[in-house]
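Read-outs throughout are calculated quantities, based only on the coordinates presented, and are distinct from any laboratory measurement. Quick caveat, the model's predicted, so the values are computed rather than measured. Cβ atoms come from the backbone with ideal geometry, glycine included; neighbour counts cover every protein chain shown.
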Amino acid sequence: MKTHRYATRVQWTAANEDGTTSYGAYSRNHAIGAAGKPAILASSDPAFRGDGSRYNPEELLVASLSSCHMLWYLHLCSVNGITVVDYRDDASGAMEENGGGGQFVEVELRPVVKILQASQRVAALALHNAAHRSCFIARSVNFPVKVAARIA
């Protein structure tokens, strides 16, 4: 078995000298990065006192699932002779709060794909199932990830 390791850094600094003296006193803004890559400006969801102009962890989880599915799908299309020329996914996720905590209960991917060969439409749609079964991120989560794909 081959193991891959991934390293990131999350950096937060108190915007003032008060730090975390109270729940309402501290900023949720932080930066996420990895060696040699630009930072992603992040915060918590505005529902949890965050900055809505920054990405939140929940959005990044949905984006990770969407991106992983797309990368597997493009790979499978390329090795199966299907030429994809456009791919868009307006993915969404649902998280439920339960007494101070919460968890995702589902994510839905809605990829819309444009291919060159209309005769390969059925095969192109079927490859979404294979991509979903192969996606590392989808295989790692404990909630359903639905795929509602269509060919444009």
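At 7 Å along Cα-to-Cβ for each site, give me the label-to-label distance between Ala130 and Arg150 in nm.
In this crude label model, Ala130 to Arg150 measures out at 2.4 nm.
Can you list residues whose amide H is under 5 Å from Ile115's amide H, if they're 5+ apart or on another chain and H is modeled 1.01 Å from N?
Val85, Ala152
Can you give the helix-only mean residue ellipticity at 222 nm for the chain, where every DSSP H stretch with n ≥ 4 adds -39500 (n - 2.57) and the sum goes over all residues, rounded to the nearest 500 deg cm²/dmol?
Calculated mean residue ellipticity at 222 nm is -8500 deg cm²/dmol.
What residues qualify as long-range amide H neighbours of Glu106, i.e. H under 5 Å apart, gap of 5 or more or another chain, H built at 1.01 Å from N?
Hits under the 5 Å cutoff: Ala94.
Using the crude model of +1 on Lys and Arg Cβ and -1 on Asp and Glu Cβ, and no other charge, please compute the dipole size for region 57-151 relative to its Cα centre, in debye to 20.
With only Lys, Arg, Asp and Glu charged at Cβ, the dipole is about 560 debye.
What FRET efficiency would be calculated for the residue pair Phe143, Ala14, taking the C-beta separation as r and a Förster radius of 25 Å, to the nearest 0.05?
For Phe143 and Ala14, the calculated efficiency is 0.15.
From the phi angles alone, apply the Karplus equation (6.51, -1.76, 1.60; θ = phi - 60°) to region 60-69 and give each ³J(HN,Hα) in whole Hz, x where the residue is Gly or Pro.
5, 5, 4, 4, 4, 5, 5, 5, 4, 4
How big is the dipole moment of region 1-55 about its Cα centre under a simple scheme where the beta carbon of each Lys and Arg is +1, that of each Asp and Glu is -1, and everything else is neutral? Debye, nearest 20, please.
Here the size comes out at about 440 debye.
Which semi-axis lengths, in whole Å and largest first, follow from the square roots of five times the eigenvalues of the Cα gyration tensor of region 1-55?
Numbers: eigenvalues 146, 33, 26 Å².
Taking √(5λ) for each Cα gyration eigenvalue gives 27, 13, 11 Å.
To the nearest Å, what is the center-to-center distance of region 29-45 and region 101-152, using C-alpha atoms only?
If you average the Cα positions of each part, the centres end up 27 Å apart.
Placing +1 on the Cβ of each Lys and Arg and -1 on the Cβ of each Asp and Glu in region 57-151, which of Asn98, Ala118, Ala131 has its Cα farthest towards the positive end of the resulting dipole?
Of the options given, the answer is Ala118.
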